[in-house]
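Just so it is clear, none of the values below were taken in a lab; they were calculated from the coordinates. The model shown is predicted, which means the values in this text are computed figures rather than measured ones. Virtual Cβ from ideal backbone geometry, glycine too; neighbours counted across all protein chains shown.
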Amino acid sequence: MGLGEQASNAVPRTASLLDQGPDIRTSRSDLRTDAAARQVPDPQNGSVAVDTQRLSKRFEKERRTNAVLSDITLSIPDGEFVSVIGPSGCGKSTLLKILAGLSPFDSGSVSVLGRRPGGSWRDVGFVFQHLALLPWRNVLGNVLLPAELAGMDRSQAMDRARHSLDMVGLSGFEHYHLREISGGMRQRVALARVLMADARLLLLDEPFSALDEITREAIDLLFMDICVRTGAAAILVTHSLYEAVLMSDRVIVLSSRPASIVGEVLVDSARPRARTFMQDGAFIHAAAQVRELLEVGA
Ligand code: ADP
Ligand code: MG
C-alpha cells in the first residue's frame, strides 16, 4: 500500500465542532466546546488507543494541595495524531506521565490500548523532553537498548535497529558516538529507538523543543511520515501552535492549572503533509482557532 493510500484512510474524520465559519462566530465564547459534546469514537468503528473519563490529579506538598488536572475526558482512536497544547505548568507532562503509567491519578478512569496504563514496551513508545540516551553507547547501541531489555534475539534486534535507523535517515551513522552527532541527529536516534517497538501508541512530551526551527520542522515532517507509515496513534505535547497544527489530526487545548479541556480543533487535511501545508487555508484557519482557544483558557 502506498503512502497516499494510507494517509487518506488513516483517520476517520468528522466535521469540526468549531468550524462554524467566521460569520457565525461572533464572540470568543462560541469557541468553547462542551466536553460531553466532543467527538467520541464509535467503538464499533475500530478500537480506541486512549480513553480517559473525568481524569483528575492533584499533588500534595507541605500540606498544600496543587490541583493539576480537572475532569479530563479524552478519547483517541487508533491511528489518530493528537497534539495537546496549553500554558506552561498547566499539567501537560503530568497527563502524559499518567498515560505512560509513570504517575498515579486521583479520580476518573484511564484506559490505554484497552488496559490500565503502564506495562509492555512493545506497543506504547515514549519520547520525553530529556532524551535519556546513554552517552557511553554509540548510535546503534542506543537504538538496540529496548530490544536488549526485552531479551529479543540478537540478529532479529540488529535487523530491526538497522531498519529503524534507515527510517529516520541515520543509516551509515550506526557506529558514531553521541558526541559526534548533532542535536537533531540525537533526536532521530531517540525516534529510531522508539521505532524498535511495534508501537500502536506514541507519547511525546515536547521532544523537539530543544532543536533549532529548521531542524525541528524537518524532524516534524519525518516523524509525521513515520506515524502514517506505521499507523501509530500519537499524543504530542507541545507549546508550539504551529507544530501542533502541522502534525495533528486534532489539537486539544488545555486551560491554565488545573488543566481542563478548553476545546479542540480538527485540522482538515490528510497526513502526511508537506512543509507547504503551513501556507494552506486549512492550516491558517486551524491555527487561528487554536490561538483563540489558548486565549480563552489562559
Ligand atoms: P506542564 O508540562 O504543562 O508544563 P507539569 O505537568 O510538568 O506542567 O506540571 C504541572 C504542575 O504539577 C506544576 O504546578 C508542577 O509543579 C506540578 N508537579 C508536576 N510534577 C510534580 C511532582 N512530581 N510533585 C509535585 N508537583 C508536581
Ligand atoms: Mg511539561
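Numbers for the structure displayed
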item	result
Neighbour-count ranking [beta-carbon atoms within 10 angstrom, fewest first] of D106, D205	D106, D205
Full-extension gain in nm, D198 to S88, via 0.36 nm per residue minus C-alpha separation	36.4 nm
Per principal axis, descending, Cα span of the range 49-183 in whole Å	50, 32, 26
About the Cα centre, charge dipole magnitude for the range 129-249 (Lys/Arg +1, Asp/Glu -1 at Cβ), debye	400 debye
Relative contact order for the range 160-239, counting Cα pairs under 8 Å that sit 6 or more residues apart, in percent	34 percent
Dipole-positive endmost among A147, T73, G184 within the range 69-217 (Cβ charges, Cα centre)	A147
Cα-derived Rg over Rh, computed across the range 176-226 with Rh taken as Kirkwood radius	0.96
The range 155-289, relative contact order [Cα under 8 Å, separation at least 6], %	19 percent
Residue among A282, A298, P258 farthest towards the positive dipole end of the range 258-298, charges placed on Cβ	A282
Convex hull volume of the range 102-254 per residue (C-alpha atoms, cubic angstrom)	128 Å³
Estimated inter-spin distance, Y176 and Y242, nm [label 7 Å along Cα→Cβ]	2.5 nm
³J(HN,Hα), Karplus 6.51/-1.76/1.60, whole Hz, each residue of the range 140-157, x for Gly, Pro	4, x, 5, 5, 6, 3, x, 5, 5, 5, 8, x, 5, 3, 4, 6, 5, 5
FRET E, pair E60, D268, Förster distance 35 Å, beta-carbon r, rounded to 0.05	0.25
Relative pair counts by distance (%), Cα atoms of the range 174-298, 5 Å bins	2, 10, 20, 21, 20, 14, 8, 3, 2, 0
Simple spin-label estimate for S209 and L149 in nanometres, 7 Å along Cα-Cβ	2.2 nm
Residues with amide H under 5 Å from that of M152, placed H, sequence gap 5 or more	none
FRET efficiency, D166 to D71 (Cβ-Cβ, R0 35 Å, nearest 0.05)	0.20
